[in-house]
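Chemist: Below you'll find the structure I mean.
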Amino acid sequence: SASRFFLISPMNFRNRRIEKKTNTNPKLKTLTFKDRLSALQNVPRFFKLVWQTSPGMTLISAALRIIRSAIPLAILYVGKLIIDEVIVLHAGKGTLSNDHLWKWVTTEFGLVIFSDILNRGINLMDGLLGDLFSNHSSVRIMKHAATLDLDQFEDSVFYDKLERARQQTAGRTILLSQVMSQVQDIITMIFLAVGLMAFNPWLIVLLLVAVVPAFLGESHFNDRSYALTRGQTPERRELDYLRYIGASDETAKEVKIFNLSGFIIDRFS
């Protein structure tokens, strides 16, 4: 009897803890426009943490993205020069030759190759910086967790916040790349807007018509995805717990002795 109590009590204790921690029913909350603006206040703090992780890599990544932002406008302008050259040669006007045309074609081809090289460099820097940032954030979370009281870990609301921070630390690499890509796209838009204004200011309207629908669509589905992920935090923690006790060397004896595998699998399913 004492042996049985010794074997099963740790699992019962963990089950009670997980039941207590996941006994929540969060509702999916649709973010309002005010909530979105409020969330933007975290962007400067996010970049501050990125800078603290590695100032050198941050500067290199920013420089590569700024150069990459100017490439689309350069490709468009060189394309214009190629078309102008073809028109002139076809009309038989001027003193320009095919050599001049092939010079611009080669330049266009070089810009495309250079753009691909920049993309490779940006992906490399994002991966390295993202991993360093993930490690840096994990250390900060562990240091903060060491200062907390035990009763805080028994609070389901607080534990959900801690679990989100812990799980999302691994996903900061994607967030970092997405945020910096958005900044790069904004810079590209500025370059294109300046180029369009120099050519024909009315084309700015066409640029807005092309961008606004995509922006609204992405914002809507990003809000829904975030709300779904946030609302599933308690269930996801229980799934992780069940997955652990169902295939762990620490609980293997308890599971086999008391034939708990069926129960755990059904609960997980």
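Chemist: Excluding same-chain residues fewer than 8 positions from K80, which aspartates and glutamates have a Cα within less than 20 Å of its Cα?
Modeler: Partners found: D99, E108.
Chemist: In whole percent, what relative contact order does segment 60-137 give with Cα contacts below 8 Å and a gap of six or more residues? Before the final figure, lay out the partial values.
Modeler: Details: 33 pairs, mean separation 35.9, N = 78.
Rounded, it is 46 percent for segment 60-137.
Chemist: Take K34, K80 and sort them by solvent-accessible surface of the protein heavy atoms, 1.4 Å probe, largest at the top.
Modeler: Values: K34 160, K80 80 Å².
Result of the area sort, largest leading: K34, K80.
Chemist: Moving on to the next point. Considering only DSSP states other than H, G, I, E and B, which chymotrypsin sites (Phe, Trp or Tyr not before Pro) in segment 210-269 qualify as loop sites with at most 16 other Cβ atoms within 10 Å?
Modeler: Here the sparse-neighbourhood loop sites are F258.
Chemist: Quick one: ranking D99, D35 by accessible area, 1.4 Å probe, largest first, what do you get?
Modeler: If we order D99, D35 from most to least accessible, we get D99, D35.
Chemist: What part of the accessible area of segment 172-269, given as a whole %, is carbon or sulfur when the probe is 1.4 angstrom?
Modeler: 68 percent
Chemist: If you wrap a convex hull around the C-alpha atoms of segment 149-269 and split its volume per residue, what is the figure in Å³?
Modeler: In segment 149-269, the Cα convex hull volume per residue is 154 Å³.
Chemist: Convert 10 °C to kelvin, take the viscosity as 1.306 mPa s, use the Kirkwood radius over C-alpha pairs of segment 122-189 as Rh, and evaluate the Stokes-Einstein diffusion coefficient in µm²/s, rounded to a whole number.
Modeler: So the translational diffusion coefficient is about 117 µm²/s.
Chemist: Going by accessible area, probe 1.4 Å, with all protein chains left in place, what is the ranking of S115, S225, largest first?
Modeler: Ranking S115, S225 by accessible area, largest first, yields S225, S115.
Chemist: Find, to one decimal place in angstroms, the Kirkwood hydrodynamic radius of segment 47-129, where the mean of 1/r is taken over every pair of different Cα atoms and then inverted.
Modeler: Numbers: mean 1/r = 0.0666 Å⁻¹.
Evaluated over segment 47-129, this radius sits at 15.0 Å.
Chemist: Which order do peptides 125-132, 157-164 fall in by mean Cβ count within 10 Å, highest first?
Modeler: By packing density, highest mean first, the sequence is 125-132, 157-164.
Chemist: List the GluC sites (Glu not before Pro) within segment 186-258 that DSSP assigns to loop and that have no more than 13 neighbouring Cβ atoms inside 10 Å. Show your work: numbers first, answer last.
Modeler: Details: sites: E218, E235, E238, E250, E254; in loops: E250.
Those satisfying the criteria are E250.
The values are calculated or read from the model by the stated rules, or taken from the named source; none is laboratory data. Only a predicted model underlies this, so the values are computations on that prediction, with no experimental measurement involved. Methodologically, a virtual Cβ is constructed for each residue, glycine included, from the backbone with ideal geometry; neighbour enumeration extends over all protein chains shown. In case anyone asks, the SASA skips ligands and DNA or RNA and just uses the protein heavy atoms, side chains included. Shrake-Rupley method; radii C 1.70, N 1.55, O 1.52, S 1.80 Å.
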